[in-house]
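This report concerns only the one structure given below.
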Amino acid sequence: MTDYKITPQTGYVPVSPFGFHDWALQYLKCRRSFLAPAGYSPVPYFLLCHAIELELKARLLEAQGWQPKVDLMKKLCGHDLMKAYNALPNHQQILTASEIAVLAAANKIYSSKGFEYFQLEQAVGGFTGVPSLAALDAVAEKLLPT
């Protein structure tokens, strides 16, 4: 019996900005329907940050012509909301200074998976540094007009 080795060539699958945008809206919709328990919950923060991340990436794919370069976008931005926002064309950077401060505060936690996994130092610190949920909601609403 002869063994054969098949080595497939690298393929290219175009990724539509629409897919990123659609999923961003789905995460935002989940946030709107989520009833947070009393006290702090990371869940609405994660839903908002992920919606913002996907929307920013949709805009980058569309504006920067990065469609064939999704892997490059991942390396340049990763899950860093500020890097993605700052990579937008100037006319799409629509947040005010106070809204950017809210996004930056959320990003500090989001980019380190702080809204996904329990972080003892956050709990011990009383979740200081976590922006107002209402303020983050407003940022998401501004970036994802529906």
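For the range 31-42, give me each residue that is surrounded by fewer than 16 Cβ atoms within 10 Å (Cβ to Cβ) and either touching an Asp or Glu at 6+ places or on another chain (Cβ under 8 Å) or assigned to a helix (DSSP H, G or I) (or both). Of everything in the range 31-42, those that are surrounded by fewer than 16 Cβ atoms within 10 Å (Cβ to Cβ) and either touching an Asp or Glu at 6+ places or on another chain (Cβ under 8 Å) or assigned to a helix (DSSP H, G or I) (or both) turn out to be ARG32, SER33. Entry remark, the range 89-133: residues being modelled with pLDDT of 95 or more and more than 11 Å from LEU48 (Cβ to Cβ) number 12 in total.
Of everything in the range 20-35 that is free of Cβ contacts under 8 Å to residues at least 60 places away in the same chain and of a type in the set (A, V, I, L, M, F, W, C), the residue that is farthest from HIS50 (Cα to Cα) is LEU35. Residues in the range 56-88 that are modelled with pLDDT of 95 or more and in contact with a Phe, Trp or Tyr (Cβ under 8 Å, 6 or more places away or on another chain): LEU81 alone.
Report every pair of residues separated by at least 6 positions or lying on different chains whose Cβ atoms are under 7 Å apart, first residue within the range 126-146 and among the polar types (S, T, N, Q), second surrounded by 12 or more Cβ atoms within 10 Å (Cβ to Cβ). Pairs found: THR146/LEU25.
The values are calculated or read from the model by the stated rules, or taken from the named source; none is laboratory data. Everything numeric in this text was worked out from a predicted model, so none of it was measured. Glycine gets a Cβ as well: all are built from the backbone with ideal geometry, and neighbour counts include every protein chain shown.
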